[in-house]
Ligand SMILES: [Zn+2]
């Protein structure tokens, strides 16, 4: 893969997803921009897209399956942070409330990014009623 500009878009063939790749941000974090790093980041995003697709294929009543996939996504968010050279931090995760069937408030959680706050809708089939468990899990992985 040849470096064309500092900001490049990876286009994934699965679905309509476009992943933006920022080589200067990577360098700022002390990571060299190499084809291997690009591929590693892209592969983690592919994993994320597969989790989203698997969740989309489920019904909102498939609670155990949805929650198992949501837990897997937490691990993927940490993997992304590490590959990008960031300190693993669940307060900086931004995909957990965007998963299919999640009913937690999108903009509240987007605004809470970087803060130790998660806005959970008690009726959410994935996060409702399990705030303490998911927090515990995030601490275990961190
Ligand atoms: Zn939710």
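Does residue 77 qualify as being buried (at least 16 other Cβ atoms within 10 Å of the Cβ) and in a helix (DSSP H, G or I)? For residue 77, the condition - buried (at least 16 other Cβ atoms within 10 Å of the Cβ) and in a helix (DSSP H, G or I) - is met. Every test in (1) under 16 Å from residue 96 (Cβ atoms); (2) loosely packed, with under 14 Cβ neighbours inside 10 Å is passed by residue 61 save one, and that test is (1). Only one of the numbered conditions (1) at pLDDT below 95; (2) in a helix (DSSP H, G or I) is violated by residue 20, and that is (2). For the range 48-58, a residue qualifies if it is over 15 Å from the mean Cα position of the chain (by Cα) and either surrounded by 15 or more Cβ atoms within 10 Å (Cβ to Cβ) or part of a helix (DSSP H, G or I) (or both), and the qualifying residues are 56, 58. Residues in the range 90-128 that are in a loop (DSSP other than H, G, I, E, B), away from the ligand (no atom under 11 Å from the Cβ) and surrounded by fewer than 19 Cβ atoms within 10 Å (Cβ to Cβ): 94, 95, 112, 113, 114, 115, 116, 117. The one condition from (1) modelled with pLDDT of 90 or more; (2) out of contact with any helix residue (DSSP H, G or I) (no Cβ under 7 Å at 6 or more places or on another chain) that residue 96 does not meet is (2).
The values are calculated or read from the model by the stated rules, or taken from the named source; none is laboratory data. Worth saying up front: this structure is predicted, and the values here are computed from it rather than measured. Glycine gets a Cβ as well: all are built from the backbone with ideal geometry, and neighbour counts include every protein chain shown.
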